[in-house]
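Visitor: Mind having a look at this structure? Questions to follow.
The values are calculated or read from the model by the stated rules, or taken from the named source; none is laboratory data. What you see is a predicted model, and the numbers here were worked out from it, not measured in a lab. With ideal geometry, Cβ positions are generated from the backbone for all residues, glycine too; neighbour counts draw on all protein chains shown.
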Amino acid sequence: MIEFRLNGRPIRLDVDPAERLLDLLRYRLDLTGTKEGCAEGECGACTVYLDDLPVDACLVPAYQAHGREVVTVEASDRRQLEPFLRSGATQCGACTPGVVMTAAWIRDHPDLLETHDLRELMAGNLCRCTGYDGIIDGVESALTAHSVDNADAATESNRSASAPVKPTSAAAVSGGGAVHRPSSLSEALELLDAEPDALPIAGGTDLLVHWPTRLDAHDRTYVDLTGVTSLRAHDWTPNALVLGGLTTYWDVIRDTRARAEFPLLVDAGRQVGAVQIQTRGTWAGNIVNASPAADGVPVLMAYDAVVDLASTDGLESIRLDEFFSGYKEMRMSNRQLITAIRLPRRAYDVAWFDKVGSRAAQAITKVGLAVTRRAEPAEDRWRVVANSVAPTVRRCATVERLLGRREAIGSPRVLAEAFARDVAPIDDIRSTRAYRSTVLSRLLYFGLRKRVDFVT
Amino acid sequence: MDILRREGLAKLSGSERYVDDLALDDFLWGGTVRSTIPRGRLRGIRFPDWFDDEDFVVVRAADIPGRNSIYLKTHDQPALVESEIRHAHEPVLLLAHESRSAVRRAVAEIEVIAEPLDPWLDYVADPPPEMIQHGDDNVFKRIDLRKGDVEAALATAPIVVEGVYETSAQEHIYIEPQGMTAHVEDGLVVVRGSMQCPFYVEKALCNLLGRPESGVRVVQTPTGGGFGGKEEYPSMIAGHAALLTLEAGRPVKLVYERAEDMAATTKRHPSRIRHRTGVDEDGKLLAQEIDVRLDGGAYLTLSPVVLSRACIHAAGPYACDHVRISGTTVLTNRVPYGAFRGFGNPQACFAFERQMDAIARRLGIDPIELRRRNLIRDGESTATGHVITDGTDRVALLDRAVALADVRAKRAAHVTFNARTPDARRGVGVVTYHHGAGFTGAGEVEMDSRVHVVGRRDGIVEVRAASTEMGQGTITVFTQLAAERLGLAPDQIVIAPPDTRRVPNSGPTVASRTAMIVGHLVERGCDDLRHEVGLTDEARGPIVRDAILAWHDEHDEDVVVGEGRYVAPPGIEWNEETYEGAAYGAYCWAAHVADVEVDLRTFGVRVLDYVAVQEVGRVLNEVLARGQIQGGVVQGIGWALLEECVERDGAMVNTQLTNYIIPTSGDVPPIRVDFLENPYPHGAGGAKGLGEFPLNGPAPAIGSAIASALGVEPCAIPFTPERLLRLAVEARVA
């Protein structure tokens, strides 16, 4: 049994552990405005608000709605939709409800535009009809219309739902699995201790991809960490930025201090998926997913991150650059959870992050590079971290030593030779070995050329 | 009189119900078991131990009551494999069950046992005998179009330029995946779903189920995008849903998952087009010899018609006295290719516009000037000998695009930028092209389309047509045309949902024919309705409504029917044998300018600015028309830069939105659109069809811009960074 508020009304019902929020809304509550376009968090047609943040409902387990506020397109005030109608924001309409949800969120939070532009914020909603101009124009005029509305103090809530909300049928997706919902860290650790095969779940942005057809995943046991609220917040100590085990990309992106002190975290976070993924995906989840293409890991590594691991046996800490031991292999047991990621607060005089994906947003990295140089003189000031070019995200020790020598570098070739000792890119569905190795050295070469004098 | 999109608020508020949103009582979920190899013989089906066939509804080829084919033009494509497997993801067995998870599990675990045969996957080479699977040469269609004497003209031309151009498949990615529901009601098999062409589906169902037209009913549900992808394939899904509901005796819903949709349904035909062009020193085209080859995939589908449009456009919007175009579309053991916005012309346009750039480079003539010199002037003829006299100034159209994009200033700025920037290069590309509006040749005459405009007892005028709304604006434009013609307010007009038991056959919703051709039938239907209720042609406004109400006072029928029926415009002659004459009633004309930056670190291409100037007859609704152009351009940008169907053993393997890459809002600039209007007397309100042709421009325009930026000549799309890096390395740019 879960309880949550849906479009302003309280809901209580039983959910199947394999049921997604999208299934619950569409097939049991008859709120079919939320569409399914891809089942993998790419198209954004299922965008809803979870506690006032846009998320893809296809990547949210229904049980995670417990105790939270869910808002769907059905709660929209029709009068506020007119700017989108006039601008041509809808054609076939299949992406439209998701577009409206993201657009209305921007309209209601115009401060987002202090750091983001509309095209970046809307990039989590794929549209195949409009070419996006009608949508962007619509958001712009909605922003204008909205400020006028506010001036008139027309503050009628758009949170009152008109649709009925009683369950209509059995879950469309079901399985033989189970979920535990601990409310404290110790409870979570005890559950993992008792059931070593149970899988911790937080943002679900990886675990729920293609969920409907991944039938074996429906039969597993999960430990849902989202109730362990102590892991959520990130913290600034005098010497470190400490990310919690549940800190999301969005938490960091919206932190002005992070923008100033750890800009690569913000750069990388903003290039993970799109807003709907950034609001759900966690830094710790990105680490334990252990993908060689992980976007959060290179920048953490370039900032010398240390990971805190907890289990019922106690706490241990491990440097992130020593954490991965092979493809999808980590120095961590099934009984452990990441409770914190610690980043020392230091000055850097060189720092940048390049992500090469197949498009501007929502791209899996073909080759990525995070580079830092500490401001205070030291022997090993450089960190050069690459992703998608080896079985793990990889610190490139040969390249770091080369840069430490400050010898003149006049072309990408010298760097390519050094990288060849550090990384081993492959051909796959997304790119080629040749492309990856060439581009990796070119990214570093042209990046250095702008920033240091020994590269010309 | 521009009105707002009529169903727009329903779509924006989420209340519009698509096929998967519709209530359906006591239904079963359907599923499709498919072949896993590109070619072979079906030997059997192995069910998992847990499978209980009492518990599932199962349909095999042997259960088909009518003929086992998806009938459109031929009977070559079966609804379910009987013995010969011709492509991967070919339907073999149908299932239905109350639990969607159970269906998914069964589909995943049921094994298709087949004896594999070597597949034929080369559409350019001639197949050896053991690879022949269609006719005696695998050729679905051959076209040989001749104007003048190309051999002689090439032999004497001072300069001959050759080029080979390739385009790859493109997946439609309508955001709503394909789906149908089926049930039996009063003895009728009722199929509802996402589709462009209800009467194609009706025809296919009658054939498959062995029923007369009166035994089936096909209803289009709001359709979340089509782009040609819901032209022919919905007949397959409708057939499957109907077979399942007949077997089950209960309603069935068959909605594809995205991956299944991408793997199993049609895509744009890959092409390889060869040009040999004879020119004089001033760049005047003397002879064009063009060879067009299209990969048809495993079944014929619409490949001959796509080839036809590709060939007719292959010489471009240029005047040339000596032209020979040979075209072939052949079988391969790939998932069949089918209709996709542009229908062969995007492929043709990519080749002829890249060839124009090659000629310009060879001669050292500005590519814009080369096009100016060769664009068809009124009184000159196309490759099919169609003398163009529409009064459109095509040179002025080109110049307008060049001026709007400020090409001269851009080129100057790029010289400076490229000299100063070590890790990026900028370039600008200009293209011009044409697109025949509506069906090719005698298609409209054969179709004999009809529309009913009826006056209801409540005084409301209802337009009954088979044309579907899939986002392009049918409902809004028909409302506007009827309201304008009758002088009524838009809310006095209702557009009936396309339902084959209720609307006449006004043809398929394809070929940009809906506003131009069917819209014109709406106008004629309005005129006829006026006559039926005793009014003259001049009658407008409230008296029309009064006359409808008065008619009903004296008659018992539910409605008074006005009919609009297709009449060919005068002077349109087309010879289907020789490919001579007016291939289309009218052409649209366009000029596009792309401004790009190539990142020399990554070889990624960013479109900085895009200008599209289109001559479309008359714009009926500014917001809708602009949206069509912008959307078509962005779909074309995707095809040019991002979209690649990665293939293994004849099947697409990147069947996810995470690895088949379409543009996001962050990948494209604002698309700047300008219209030139030159009303077409035989189109509704002066309109010509505009939905498809914006897609043709981006691939060659971006290719041209990349060529100008990098000094390499990309002749194949997509222009992925990997491909551009290879070209740059070969040309020693990197």
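Visitor: Tell me which residues, restricted to the stretch A:365-377, are outside any strand (DSSP E or B) and touching a Lys or Arg at 6+ places or on another chain (Cβ under 6 Å).
Guide: Passing the criteria: A:365, A:366.
Visitor: Considering only residues that are free of Cβ contacts under 8 Å to residues at least 12 places away in the same chain and in contact with a strand residue (DSSP E or B) (Cβ under 8 Å, 6 or more places away or on another chain), look in the stretch B:545-577 and name the one that is surrounded by the most Cβ atoms within 10 Å (Cβ to Cβ).
Guide: B:575
Visitor: Could you say whether any residue in the stretch B:706-725 is in a loop (DSSP other than H, G, I, E, B), within 20 Å of residue B:436 (Cα to Cα) and within 14 Å of chain A (Cβ to nearest Cβ)?
Guide: no
Visitor: Would you mind listing the strands (runs of 3 or more DSSP E) fully within the stretch A:300-361 where at least 1 residues are among the β-branched types (Val, Ile, Thr) and touching a residue at least 40 places away in the same chain (Cβ under 8 Å)?
Guide: The strands (runs of 3 or more DSSP E) meeting that bar are A:337-344, A:348-356.
Visitor: Follow-up. Identify, from the list B:62, B:88, the residue that is outside the structural domain of residue B:300 (by TED's automatic domain parsing), under 30 Å from residue B:134 (Cβ atoms), part of a helix (DSSP H, G or I) and touching an Asp or Glu at 6+ places or on another chain (Cβ under 9 Å).
Guide: B:62
Yes or no, residue by residue, for (1) out of contact with any Cys (no Cβ under 8 Å at 6 or more places or on another chain); (2) crowded, with 20+ Cβ neighbours inside 10 Å; (3) under 30 Å from residue B:307 (Cα atoms):
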position	(1), (2), (3)
B:469	yes, yes, yes
B:473	yes, yes, yes
B:482	no, yes, no
B:499	yes, no, no
B:510	no, yes, yes
B:522	yes, yes, no
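Visitor: What's the number of the condition residue A:260 fails, among (1) under 24 Å from residue A:331 (Cβ atoms); (2) of a type in the set (A, V, I, L, M); (3) free of Cβ contacts under 8 Å to residues at least 12 places away in the same chain?
Guide: Single failed check for residue A:260: (1).
Visitor: While we're looking at this one, here's another question. Residues being of a type in the set (A, V, I, L, M, F, W, C) and within 14 Å of chain A (Cβ to nearest Cβ): count how many of those fall in the stretch B:460-482.
Guide: So the count comes out to 3.
Visitor: Which is surrounded by fewer than 20 Cβ atoms within 10 Å (Cβ to Cβ), modelled with pLDDT of 95 or more, over 18 Å from residue B:263 (Cα atoms) and touching a Leu at 6+ places or on another chain (Cβ under 7 Å), of B:108, B:125, B:61?
Guide: It is B:61.
Visitor: So is residue A:225 more than 26 Å from residue A:121 (Cβ to Cβ), buried (at least 21 other Cβ atoms within 10 Å of the Cβ) and either of a type in the set (Ser, Thr, Tyr) or at pLDDT 95 or above (or both) or not?
Guide: Yes, satisfied.
Visitor: While we're here: Kindly indicate which of A:41, A:67 is more than 8 Å from chain B (Cβ to nearest Cβ) and touching a Cys at 6+ places or on another chain (Cβ under 8 Å).
Guide: One residue alone meets the criteria, A:41.
Visitor: Residues that are in a helix (DSSP H, G or I) and either surrounded by 21 or more Cβ atoms within 10 Å (Cβ to Cβ) or not small (Gly, Ala, Ser) (or both): does the stretch B:668-681 have at least one?
Guide: no
Visitor: Which condition number in (1) over 16 Å from the mean Cα position of the chain (by Cα); (2) within 9 Å of chain A (Cβ to nearest Cβ) is the one that residue B:634 fails?
Guide: Residue B:634 satisfies every listed condition except (1).
Visitor: Residues to consider are A:44, A:93, A:37, A:98; find the one that is assigned by TED's automatic domain parsing to the domain that holds residue A:128, buried (at least 24 other Cβ atoms within 10 Å of the Cβ) and under 28 Å from residue A:175 (Cα atoms).
Guide: After applying the criteria, what remains is A:98.
Visitor: Which of the residues belonging to the stretch A:101-121 are at the interface with chain B (Cβ under 10 Å from one of its Cβ atoms) and surrounded by fewer than 23 Cβ atoms within 10 Å (Cβ to Cβ)?
Guide: A:117, A:118, A:119, A:120
Conditions (1) assigned to a helix (DSSP H, G or I); (2) crowded, with 21+ Cβ neighbours inside 10 Å, marked per residue:
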residue	(1), (2)
B:660	no, yes
B:690	no, yes
B:700	yes, yes
B:734	no, no
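Visitor: Next question. Check residue B:155 against each of (1) without any contact (Cβ under 8 Å) to a residue 60 or more places away in the chain; (2) out of contact with any strand residue (DSSP E or B) (no Cβ under 9 Å at 6 or more places or on another chain); (3) away from every other protein chain (no Cβ under 14 Å) and name the one condition it does not meet.
Guide: Result: residue B:155 fails condition (2) only.
One line per residue, one yes/no per condition, for (1) away from chain B (no Cβ under 14 Å); (2) more than 30 Å from the chain's Cα centre (by Cα):
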{"residue": "A:366", "(1), (2)": "no, no"}
{"residue": "A:373", "(1), (2)": "yes, no"}
{"residue": "A:390", "(1), (2)": "yes, no"}
{"residue": "A:402", "(1), (2)": "yes, yes"}
{"residue": "A:420", "(1), (2)": "yes, yes"}
{"residue": "A:435", "(1), (2)": "no, no"}
{"residue": "A:442", "(1), (2)": "no, no"}
{"residue": "A:447", "(1), (2)": "no, no"}
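Visitor: Given the criterion aromatic (Phe, Trp, Tyr) and under 29 Å from residue B:220 (Cβ atoms), identify the matching residue among B:417, B:439.
Guide: Being aromatic (Phe, Trp, Tyr) and under 29 Å from residue B:220 (Cβ atoms) holds for just one of B:417, B:439, which is B:439.
Visitor: Could you identify the single residue in B:102, B:114, B:10, B:23 that is more than 14 Å from chain A (Cβ to nearest Cβ) and hydrophobic (A, V, I, L, M, F, W, C)?
Guide: After applying the criteria, what remains is B:114.
Quick grid of which residues meet (1) farther than 26 Å from residue B:470 by Cβ; (2) touching a Leu at 6+ places or on another chain (Cβ under 8 Å); (3) in contact (Cβ under 8 Å) with a residue 60 or more places away in the chain:
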residue: A:112; (1), (2), (3): yes, yes, no
residue: A:118; (1), (2), (3): yes, no, no
residue: A:121; (1), (2), (3): yes, yes, yes
residue: A:125; (1), (2), (3): no, no, yes
residue: A:129; (1), (2), (3): no, no, no
residue: A:132; (1), (2), (3): no, no, no
residue: A:137; (1), (2), (3): no, no, no
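Visitor: Filter the strands (runs of 3 or more DSSP E) completely within the stretch A:1-115 down to those with at least 1 residues that are under 21 Å from the mean Cα position of the chain (by Cα).
Guide: Correct list: A:47-50, A:53-56, A:69-71.
Visitor: I'd like the full set of residues that are within 27 Å of the chain's Cα centre (by Cα) and not charged (D, E, K, R), limited to the stretch B:587-607.
Guide: Of everything in the stretch B:587-607, those that are within 27 Å of the chain's Cα centre (by Cα) and not charged (D, E, K, R) turn out to be B:587, B:588, B:589, B:590, B:591, B:592, B:593, B:594, B:596, B:605, B:607.
Visitor: Pairs, please: C-beta under 7 Å, at least 6 apart or cross-chain, first residue in the same structural domain as residue B:197 (by TED's automatic domain parsing) and within 24 Å of residue A:126 (Cα to Cα) and in the stretch B:163-178, second of a type in the set (Lys, Arg) and part of a strand (DSSP E or B)?
Guide: Close Cβ pairs (under 7 Å, with a partner that is of a type in the set (Lys, Arg) and part of a strand (DSSP E or B)) do not exist here.
Visitor: Kindly evaluate residue A:255 against the criterion of being among the charged types (D, E, K, R), in contact with a strand residue (DSSP E or B) (Cβ under 7 Å, 6 or more places away or on another chain) and closer than 25 Å to residue A:295 by Cα.
Guide: Here the answer is no, as residue A:255 does not meet what is asked.
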